[in-house]
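Take a look at the structure set out below.
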Amino acid sequence: SSFDSEVLKADKPVMVDFWAPWCGPCRMMPPILDKVKKAFGDELSIIKIDVDQNQQAAAAYQVRSIPTLILFQNGKVLWQQAGVPQASQLESVIRQHIA
């Protein structure tokens, strides 16, 4: 699947945003993720996974509420959190894990 190639086989860290179009809080994530992407540039990939269309991936990582953010590197989960974080909080979490 594209999840495997984009996330699990990626060399650089990947932040995955598990979301759905009907989820209100999920709509708050794009500007936050844009800020994070600007902060890290090419050091970090950010992809969105629609849980309705990717139920296997959501189930595999026990995504029970959305939005859920998961930071992967070399196929491993480094960090996972449900809810809408502040961009600054997200940036510091990423820096701690990919340093």
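Taken together, the values in this text are just the output of simple stated rules run on the coordinates, not laboratory data. Bear in mind the structure is a predicted one, so any value in this text is a computation, not a measurement. Cβ placement follows ideal geometry from the backbone for every residue including glycine, while neighbour counts extend to all protein chains displayed.
Using 7 Å Cα-to-Cβ label points, what is the residue 10/residue 80 separation (nm, one decimal)?
1.7
What is the gain in length, in nm to one decimal, between residue 20 and residue 39 on full extension, counting 0.36 nm per residue of separation less the C-alpha to C-alpha distance?
On the way: separation 19, 0.36 × 19 = 6.84 nm, distance 2.50 nm.
Net length gain for the segment: 4.3 nm.
Looking at the chain, send over the antiparallel percent of its DSSP beta bridges, to the nearest 5.
Working: 11 of 17 bridges.
Beta bridges within the chain, antiparallel portion: roughly 65 percent.
Can you tell me the dipole magnitude for the chain around its Cα centre, using point charges on the Cβ only (Lys, Arg +1; Asp, Glu -1), in Debye to the nearest 20?
For this selection, approximately 200 debye.
If you build a Gaussian network model of the chain, linking Cα atoms that sit under 10 Å apart, which residue out of 72, 18, 40 swings the most?
Fluctuation is largest for 40.
Please name whichever of 2, 73, 96 sits farthest to the positive end of the charge dipole of the chain, dipole taken about the Cα centre and charges placed at Cβ: Lys and Arg +1, Asp and Glu -1.
Toward the positive end, the furthest listed residue is 96.
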